[in-house]
Amino acid sequence: MGGTQKPPCSHSRTTEVHSTRSREQPVRDISHPKMLLIVLVLYLCPVFQCQTEDTELSEDVASEEYTNSDMDPNAAPLRIARQVRPLLTKEAKPHIQELSVQTTIISRYAFTAVSCSMLNRHSAATQGVFQFHIPTAAYISNFTMIVGGRVFPSQVKAKEKKMKKEGGENNGKKNKNTPEQREGEMEVFRMEVTIPGRNRALFLLTYEELLQRRLGRYEHVTSVRPMQLVSKLSVGVTIVEHSRITYLEVLPLRNGKTPSSNGNGKADGKVGPPVSTEVKQNETFCKISFTPNVVQQVKIANNGMLGEFVVRYDVEREIGIGDIQVLDGHFVHYFAPKDLPVVSKNVVFVIDTSASMVGTKIRQTKEALFTILRELRPSDHFNFVTFSNRIRVWQADKLVPVTPNNIRDAKKFIYMISPTGGTDINGGIQTGSALLRDYLSSKEESHHNSVSLIIFLTDGRPTVGVVQSPVIISNTKAAVQEKFCLFTIGMGDDVDYRLLERMSLENCGTMRRIPEDADASVMLKGFYDEIGTPLLSDIRVEYSEDAVEYITQNFFTNYFNGSELIVAGKLTNRSSDSLHVQVTASNSERSIVLEKDVSIHEQERETERRLAEAEAGLNAGGYVERLWGYLSVKEGLKGRLRSQTSAERENYTQHATNLSLTYNFLTPLTQMIVEKPQVLADGTLAQTQKEAEATEAPPTDESSNQLLEDNNSLTPQSLHRNIPPKPISAVSKATSGVSKPAKKSATLSKTSADGDPHFVVEVPHSKLTMCFNINGEPGHILRLVTDHKHSGVTVNGALIGAPAPAGSHKEQRTYFSTITIVANKPRRSYIEVTPQKVILDDRDRMILPSSSSISVETPNLAVVIIANTNLTVTIQGTIQFVILFHHYKNPAPYQRDHLGFYIANSKGLSKDTHGLLGQFLYEDIGLTQLPGNFSMAGENSTKETLGKNITLTSYPALKVKDRTVTVIKKSRRIYSGKQTVDCWFAKNNAAKLIDGHYSDYVVSHLFDTGDWANGTNTH
């Protein structure tokens, strides 16, 4: 094997972010029976309780260890020998309790959120290492650590000029020389942190990438290499597309040169998805999950190196100009025409035959060239050039047609290649370029509609002839003369990839990297397949001049079969509804012009509708804008690479840097600064200056409406993101920097929707409290608060069902399973809450567990989670909502984990606020007595009146606007039963009490922000 990787939780003296672009090194297989015994003991014993919040963090974790007999994961567990236990107790590295990698792909743009929870089971502090492989084309958009209940944020900043590479440069992807890399190539993000004894660390990483279409497929790769077995491992990929999904495949786990056959769940040896994979799909949406348990992980790889989880898919193509999507003032245009005649090509292969190619490299190169020769079309023309110390040309001064004799002679030439000597890169390029250039100029008319290209392959740096990279780049550009494209391929580790990248970029080509241990013949053949079938050339995409700005690349030299051209930009004239699109190109027969007027508003509505149907909400907001930002940064980096003057280079650098900072992308021009925990000699976390000041702040006043929190909950800490200093708020006073668990309180009002759900409304103007029930249907999404036009705030809640208790007058119970809060001002933000997690999507996207005490502050929102108790959301500094988490350890059939919603402070919501709760915030409601006979039997019965029919001469009613609503007196328990309130209860689903009907408050999806229609009440 090629080497041994450091375990992810091993000791290390350094605490900086170490991340290098590296190919993956194989890890030694733990195949010794005793080692496998220990591995299984650690993860399969039934008393290993680190997965739950009620964990007993005992240092002697081996007191009741078990393993499986005879190494059979399916055998019954047996108590292990006493002499093995000391080995287990010496295990010092933190255990990864949970690893979750969740990706949402919206129209080819992928958002990935990684959450890794580590537990230090010992009393002493130890080093934990979070390490994750991400695709080279992806940009990290956020990284946050939560250690011992404290949040440690990161910040993306511009790199300083002439920064030393070995200095404190905390960027996530160091030494990234090549913006474009091969499929599946990964870079390593690495963070070391000291975890205090008997504490947890949570690592949250998000990254984004635009999937490229190759050979008719999009491919998304998730690295699953935790380097240890994980108690709870989950990988999820959700695909939301604008067009119908025509192809979907989940490959076997890919590890190394060939896909792994382990864990495919097929006894007959047929390849298939990894074991535990589930796929749910409709026409434009699919959800894929991979959740192997520990036994299944052991069967795949007992060292935790499971491999790459690969999903491939494709979508239906529209005939014509392609697919245009519009959202939030930006557009993206996908163009991938099909069923076109193939354009003939003129290709020269320039192959390195220096001594370093001897052995496997030259053998695999020959194999690939033999295969490529068989696939050349009769209309193609070709030739070969080899270079080492000297240059050899197969057919001097010409390109030959594809005939049986020429193919036979070419195979003989390839077979006789023998590596020797040095590497004359400049000589090889000059000879190949002159050959192709002279051929094209001699027969210009006959090649009018053909595509010409050079495929250049090398495994080393220039050692013979011209060896200075700037000179080689300049000579190459002069030799090509913009008459054809240059595609470069580098093999192995000793290649100047920056040189190859610049050579291809400046000559309308691309560069591909073949790692040292990869199967070069397969990869060479795959790369040729991508560029071997040209369909169009000289493609130009243009839009109405007054309608768009800042568009990305819109001229493409070639369009190859199975690929896709993508253009994105900003819309300048939002009032105009028409966007004129024109595509011009050439194919094998003629010039092509495609034109269409696109309705901007219609396209935007269609985009929003499809996203809403798939409930893509959180990532959907601004995905087109972020896609535009991603493409613009990529193009800025390419422009910087091929710039000819320092002024031009500086201009590209500044533009790409500004965009990187705007979208919080970690790119070659930015660095990530990570705040890190400091552990004292006694193993506890040191307080920061901010925390010390917050601890000394005076306590907040308590009131009768305060909810006392659990003594056992961890103290949340604050995460501030680019916010200017300000006085400590009531929230931060109550939640900042206390080093020990303490009893804290969150001020609530009575206005709430909790339980089944029971609604309670405290009417501030009238100083009375009223209540009502909503008997909704499971799956209904209710509008609780809407003030979209003014404050930009909307709150929706989704219902789940449960059977009613025995003897109940109800047929079923309903609870809130999900609550979303949308804050549209000053910029669009979302919070999605379930009993298990909180997803916050502002400038960054974070997935926070409800089981940890965390405080996060962004420019738009402040979020405070008290572990397993409640969540407080503060918007614009004044609007405040509290959501209670209701969990059941042993739920009855009629119980479900659910949420309760409370309006803690409505200041900042306008008088036009509506919704089931919002409509009463500024309403004057009066209590009156109506004359008439009123029976107290029924719902208002008490022990004294039960069975009696007491008739009164008047009865209570509420005056709401011009409506009169009969009510009865009831008591309600709120705040998880901690307080009882008396309220006036309106029956019949709040008929006449609420505006309109119950059905008016049922919305289409969780992120629906439509305004109340202000209809009249018809009761």
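The values are calculated or read from the model by the stated rules, or taken from the named source; none is laboratory data. Computed from a predicted model, the values in this text were never measured in an experiment. Every residue, glycine as well, gets a Cβ built from its backbone with ideal geometry; the counts of neighbours run over all protein chains shown. Calculation scope for accessible area: heavy atoms of the full protein, side chains included, ligands and nucleic acids excluded. Shrake-Rupley method; radii C 1.70, N 1.55, O 1.52, S 1.80 Å.
Residues are listed down the side, and each one gets a yes or a no for (1) modelled with pLDDT under 90; (2) open to solvent by less than 70 Å² (accessible area, probe 1.4 Å):
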residue	(1), (2)
555	no, no
560	no, yes
582	no, yes
588	yes, yes
618	yes, yes
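Kindly check whether there is at least one residue in the range 819-830 that is outside any strand (DSSP E or B), surrounded by 20 or more Cβ atoms within 10 Å (Cβ to Cβ), under 28 Å from the mean Cα position of the chain (by Cα) and free of Cβ contacts under 8 Å to residues at least 40 places away in the same chain. If you could, list the steps in order and put the result at the bottom.
Quick first cut of the range 819-830, residues outside any strand (DSSP E or B) only: 824-828.
Then keep just the ones that are surrounded by 20 or more Cβ atoms within 10 Å (Cβ to Cβ); that gives none.
Within the range 819-830 (the criterion being outside any strand (DSSP E or B), surrounded by 20 or more Cβ atoms within 10 Å (Cβ to Cβ), under 28 Å from the mean Cα position of the chain (by Cα) and free of Cβ contacts under 8 Å to residues at least 40 places away in the same chain), the answer is no, since none of the residues qualifies.
Could you tell me how many of the residues in the range 646-676 are touching a Gly at 6+ places or on another chain (Cβ under 6 Å), under 23 Å from residue 187 (Cα atoms) and outside any loop (DSSP other than H, G, I, E, B)? First the steps, then the outcome.
The initial filter retains those residues of the range 646-676 that are touching a Gly at 6+ places or on another chain (Cβ under 6 Å), namely 652, 655-656, 659, 663, 666, 672.
Going one step further and asking which of them are under 23 Å from residue 187 (Cα atoms), we end up with 656, 659, 663, 666, 672.
Adding the requirement that they be outside any loop (DSSP other than H, G, I, E, B) leaves 656, 659, 666, 672.
Of the residues in that region, 4 qualify.
The rows are residues; the columns are (1) surrounded by 19 or more Cβ atoms within 10 Å (Cβ to Cβ); (2) not in a loop (DSSP other than H, G, I, E, B).
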{"position": "204", "(1), (2)": "yes, yes"}
{"position": "220", "(1), (2)": "yes, yes"}
{"position": "229", "(1), (2)": "yes, no"}
{"position": "243", "(1), (2)": "no, no"}
{"position": "249", "(1), (2)": "no, yes"}
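Restricting to the range 448-469, name every residue that is surrounded by fewer than 17 Cβ atoms within 10 Å (Cβ to Cβ), touching a strand residue (DSSP E or B) at 6+ places or on another chain (Cβ under 7 Å) and β-branched (Val, Ile, Thr).
Listed by number, the list is empty, since nothing qualifies.
Considering every residue within the range 352-364, establish whether at least one is in contact with a His (Cβ under 9 Å, 6 or more places away or on another chain) and open to solvent by less than 10 Å² (accessible area, probe 1.4 Å).
Of the residues in the range 352-364, the ones in contact with a His (Cβ under 9 Å, 6 or more places away or on another chain) are none.
No, the conditions are met nowhere in the range 352-364.
Looking only at the range 752-804, count how many residues are of a type in the set (Val, Ile, Thr), in contact with an Asp or Glu (Cβ under 6 Å, 6 or more places away or on another chain) and over 26 Å from residue 826 (Cα atoms).
At the first step, the residues of the range 752-804 found to be of a type in the set (Val, Ile, Thr) are 760-761, 763, 769, 774, 781, 785-786, 793-795, 800.
Next cut, in contact with an Asp or Glu (Cβ under 6 Å, 6 or more places away or on another chain) only: 769, 793.
In the following step, the residues that additionally are over 26 Å from residue 826 (Cα atoms) were identified as 769.
Final tally of qualifying residues: 1.
Return the pair list, or none, for Cβ contacts closer than 9 Å from residues in the range 527-552 that are within 21 Å of residue 217 (Cβ to Cβ) to residues that are open to solvent by 20 Å² or more (accessible area, probe 1.4 Å) and part of a helix (DSSP H, G or I), at least 6 apart or on different chains.
528/371; 528/375; 529/375; 532/375
Is it fair to say residue 472 is under 32 Å from the mean Cα position of the chain (by Cα), open to solvent by less than 10 Å² (accessible area, probe 1.4 Å) and over 30 Å from residue 333 (Cβ atoms)? Spell out the reasoning first.
Numbers: under 32 Å from the mean Cα position of the chain (by Cα): no; open to solvent by less than 10 Å² (accessible area, probe 1.4 Å): yes; over 30 Å from residue 333 (Cβ atoms): yes.
Considered against the rule, which asks whether it is under 32 Å from the mean Cα position of the chain (by Cα), open to solvent by less than 10 Å² (accessible area, probe 1.4 Å) and over 30 Å from residue 333 (Cβ atoms), residue 472 comes out as no.
When residues of the range 527-542 are filtered for being open to solvent by 20 Å² or more (accessible area, probe 1.4 Å) and out of contact with any Lys or Arg (no Cβ under 7 Å at 6 or more places or on another chain), how many remain?
First, the residues of the range 527-542 that are open to solvent by 20 Å² or more (accessible area, probe 1.4 Å): 529-530, 533, 538, 540, 542.
Narrowing the set further to residues that are out of contact with any Lys or Arg (no Cβ under 7 Å at 6 or more places or on another chain) leaves 529, 533, 538, 540, 542.
Result for the range 527-542: 5.
Yes or no: the range 839-854 includes at least one residue that is in contact with a helix residue (DSSP H, G or I) (Cβ under 6 Å, 6 or more places away or on another chain), under 24 Å from residue 112 (Cβ atoms), outside any loop (DSSP other than H, G, I, E, B) and among the aliphatic types (A, V, I, L, M). Write out each step before concluding.
Filtering the range 839-854 for residues in contact with a helix residue (DSSP H, G or I) (Cβ under 6 Å, 6 or more places away or on another chain) gives 839, 841.
With under 24 Å from residue 112 (Cβ atoms) added as a condition, the list becomes 839, 841.
So of that shortlist, the ones also outside any loop (DSSP other than H, G, I, E, B) come out as 839, 841.
Still in the running and among the aliphatic types (A, V, I, L, M): 839.
For the range 839-854, residues in contact with a helix residue (DSSP H, G or I) (Cβ under 6 Å, 6 or more places away or on another chain), under 24 Å from residue 112 (Cβ atoms), outside any loop (DSSP other than H, G, I, E, B) and among the aliphatic types (A, V, I, L, M): present.
Just a yes or no: is a residue in the range 935-953 assigned to a strand (DSSP E or B), open to solvent by 40 Å² or more (accessible area, probe 1.4 Å) and modelled with pLDDT of 90 or more?
First, pick out the residues of the range 935-953 that are assigned to a strand (DSSP E or B): 935, 951-953.
Subset that is open to solvent by 40 Å² or more (accessible area, probe 1.4 Å): 935, 951-953.
If we keep only those that are modelled with pLDDT of 90 or more too, we end up with none.
Within the range 935-953, not a single residue is assigned to a strand (DSSP E or B), open to solvent by 40 Å² or more (accessible area, probe 1.4 Å) and modelled with pLDDT of 90 or more.
Let me confirm something: among 132, 111, 143, which residue is touching an Asp or Glu at 6+ places or on another chain (Cβ under 6 Å), buried (at least 22 other Cβ atoms within 10 Å of the Cβ), of a type outside the set (Gly, Ala, Ser) and part of a strand (DSSP E or B)?
Values: 132 fails: touching an Asp or Glu at 6+ places or on another chain (Cβ under 6 Å); 143 fails: touching an Asp or Glu at 6+ places or on another chain (Cβ under 6 Å).
From the options 132, 111, 143, the qualifying one is 111.
Conditions (1) touching a Leu at 6+ places or on another chain (Cβ under 9 Å); (2) of a type in the set (S, T, N, Q), marked per residue:
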position	(1), (2)
962	no, no
980	no, yes
998	yes, no
1009	no, yes
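Of all residues being of a type in the set (A, V, I, L, M, F, W, C) and buried (at least 19 other Cβ atoms within 10 Å of the Cβ) in the range 506-526, which is nearest to residue 490 (Cα to Cα)? Just the residue, please.
If we filter the range 506-526 for residues that are of a type in the set (A, V, I, L, M, F, W, C), which is where we start, we get 508, 511, 514, 518, 520, 522-524.
Then keep just the ones that are buried (at least 19 other Cβ atoms within 10 Å of the Cβ); that gives 511, 514, 518, 520, 523-524.
On the way: 511: 8, 514: 6, 518: 12, 520: 10, 523: 11, 524: 10 Å.
Top of the filtered list is 514.
Looking only at the range 499-541, count how many residues are out of contact with any Ser or Thr (no Cβ under 8 Å at 6 or more places or on another chain), charged (D, E, K, R) and not in a helix (DSSP H, G or I).
2
Could you identify the single residue in 402, 466 that is farther than 25 Å from residue 559 by Cα and hydrophobic (A, V, I, L, M, F, W, C)?
On the way: 402 fails: farther than 25 Å from residue 559 by Cα.
Going through 402, 466 in turn, the sole match is 466.
From the residues in the range 209-218 that are part of a strand (DSSP E or B) and open to solvent by 10 Å² or more (accessible area, probe 1.4 Å), which one is nearest to residue 530 (Cα to Cα)? Before the answer, list the steps.
Residues of the range 209-218 that are part of a strand (DSSP E or B), as a first pass: 209-210, 213-214, 217-218.
With the extra rule that they be open to solvent by 10 Å² or more (accessible area, probe 1.4 Å), the set shrinks to 209, 213-214, 217.
Working: 209: 20, 213: 10, 214: 6, 217: 11 Å.
Result: 214.
Which pairs turn up if I take residues in the range 910-932 that are in contact (Cβ under 8 Å) with a residue 60 or more places away in the chain and at positive phi and look for partners that are surrounded by 15 or more Cβ atoms within 10 Å (Cβ to Cβ) and in a loop (DSSP other than H, G, I, E, B) with beta carbon separation below 8 Å, at least 6 apart in sequence or on another chain?
915/1012
Does residue 151 satisfy the condition of being modelled with pLDDT under 90, in a strand (DSSP E or B) and either under 12 Å from the mean Cα position of the chain (by Cα) or not acidic (Asp, Glu) (or both)? It would help to see each step written out before you state the result.
Details: modelled with pLDDT under 90: yes; in a strand (DSSP E or B): yes; either under 12 Å from the mean Cα position of the chain (by Cα) or not acidic (Asp, Glu) (or both): yes.
Yes; evaluated as a whole, the condition is true for this residue.
If a residue has to be aliphatic (A, V, I, L, M) and over 21 Å from residue 519 (Cα atoms) to count, how many in the range 356-412 make the cut?
To start, the set of residues in the range 356-412 that are aliphatic (A, V, I, L, M) comprises 357-358, 362, 368-369, 372-373, 376, 385, 391, 393, 396, 399-400, 402, 407, 410.
Going one step further and asking which of them are over 21 Å from residue 519 (Cα atoms), we end up with 376, 385, 391, 393, 396, 399-400, 402, 407, 410.
Matching residues across the range 356-412 total 10.
Looking at (1) modelled with pLDDT of 90 or more; (2) within 21 Å of residue 971 (Cα to Cα); (3) in a loop (DSSP other than H, G, I, E, B), which one does residue 771 not meet, given that it meets all the others?
(3)
When residues of the range 331-360 are filtered for being over 25 Å from residue 317 (Cα atoms) and assigned to a loop (DSSP other than H, G, I, E, B), how many remain? It would help to see each step written out before you state the result.
Within the range 331-360, the subset over 25 Å from residue 317 (Cα atoms) is 345-360.
Next cut, assigned to a loop (DSSP other than H, G, I, E, B) only: 353-354, 358-359.
Here the count works out to 4.
Kindly provide the set of residues from the range 965-1000 that are farther than 12 Å from residue 772 by Cβ and open to solvent by less than 50 Å² (accessible area, probe 1.4 Å), ordered by number.
The answer is 974, 975, 977, 979, 981, 995, 996.
Looking at the range 630-664, which of the residues that are touching a residue at least 40 places away in the same chain (Cβ under 8 Å) and in contact with a Lys or Arg (Cβ under 9 Å, 6 or more places away or on another chain) is most open to solvent (accessible area, probe 1.4 Å)? It would help to see each step written out before you state the result.
Step one: filter the range 630-664 for residues touching a residue at least 40 places away in the same chain (Cβ under 8 Å), giving 630-635, 637-638, 641-642, 657, 660-661, 663-664.
From the residues that got through so far, the ones that are in contact with a Lys or Arg (Cβ under 9 Å, 6 or more places away or on another chain) too are 641-642, 657, 661, 663-664.
On the way: 641: 14, 642: 90, 657: 15, 661: 68, 663: 14, 664: 22 Å².
Ranking the qualifying residues of the range 630-664, first place goes to 642.
In the range 786-818, which residues are farther than 30 Å from residue 840 by Cβ, in contact with a Phe, Trp or Tyr (Cβ under 6 Å, 6 or more places away or on another chain) and in a strand (DSSP E or B)?
Across the range 786-818, the qualifying residue is only 803.
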